[in-house]
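Below you'll find the structure, written out as structure tokens, and then a few comments.
The values are calculated or read from the model by the stated rules, or taken from the named source; none is laboratory data. Please read these numbers as outputs of a predicted model, since none were measured by experiment. Every residue, glycine as well, gets a Cβ built from its backbone with ideal geometry; the counts of neighbours run over all protein chains shown. For accessibility, only protein heavy atoms count, side chains too; no ligands or nucleic acids. Shrake-Rupley method; radii C 1.70, N 1.55, O 1.52, S 1.80 Å.
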Amino acid sequence: MLIALSLSFACAGKVIDYPEDHERLVRIDKAVEALREAYQRRDRAGFQDVMLPLEQLEQMQADAGQDFDTFQSIQLEFKTERIMIDGENIDVYVHWQGVWKKTSEDAGIRQRGHARLQWVGTQSILLRGVQGDLPFGMKTRQALSEVPPSGRKVPQ
């Protein structure tokens, strides 16, 4: 009994070996979560706040804006698969899945995919690029999936 009690006290106070690295990982996690939450809440300003003002991100912001206008409800989950850090550059690989609904009665569109979110910074973490199958732009993706193959007429 005494041995078990002493072991439980020993495990209770875990010491972080690299507190600065740990704090940076916490900031990265918060940045990824802020991006997901802003998109899910359909918050344009919050969505843009986690990004650098770069031309390559403007299309993603426009696609997200179309989603905000089209869908009444967005439910999005991120699962971080891997984080790679090289100096100030950070790559976060995520698996995502979500449901986009135009109305509350709508069954919604269910999609999933993998993306690479490219961040930069040590104290302030900001999105600088994206690659892969992104969840942002579901309206465009839906429109493309509804286009009939060329040469076929859509029944009226």
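Quick notes
- Condition met for Gln66 (of a type outside the set (Asp, Glu), modelled with pLDDT of 95 or more and either in a strand (DSSP E or B) or in contact with a strand residue (DSSP E or B) (Cβ under 9 Å, 6 or more places away or on another chain) (or both)): no
- From Ala45, Ala38, Ala62, residue being crowded, with 18+ Cβ neighbours inside 10 Å, at negative phi and of a type outside the set (Val, Ile, Thr): Ala38
- Count of the stretch 111-130 residues which are under 12 Å from the mean Cα position of the chain (by Cα) and either β-branched (Val, Ile, Thr) or open to solvent by 70 Å² or more (accessible area, probe 1.4 Å) (or both): 3
- Consider the stretch 48-58 and keep the residues that are outside any loop (DSSP other than H, G, I, E, B) and without any contact (Cβ under 8 Å) to a residue 60 or more places away in the chain. The one that is surrounded by the fewest Cβ atoms within 10 Å (Cβ to Cβ) is Glu55.
- Residue in the stretch 96-110 that is under 23 Å from Pro53 (Cβ atoms) and either in contact with an Asp or Glu (Cβ under 9 Å, 6 or more places away or on another chain) or open to solvent by 70 Å² or more (accessible area, probe 1.4 Å) (or both) present: no
- Those residues of the stretch 65-86 which are over 11 Å from the mean Cα position of the chain (by Cα) and open to solvent by 50 Å² or more (accessible area, probe 1.4 Å), in sequence order: Gln66, Asp69, Gln72, Gln75, Glu81, Arg82, Ile83, Met84, Ile85, Asp86
- For Phe78, the test of being in contact (Cβ under 8 Å) with a residue 40 or more places away in the chain and touching a Pro at 6+ places or on another chain (Cβ under 9 Å) is passed.
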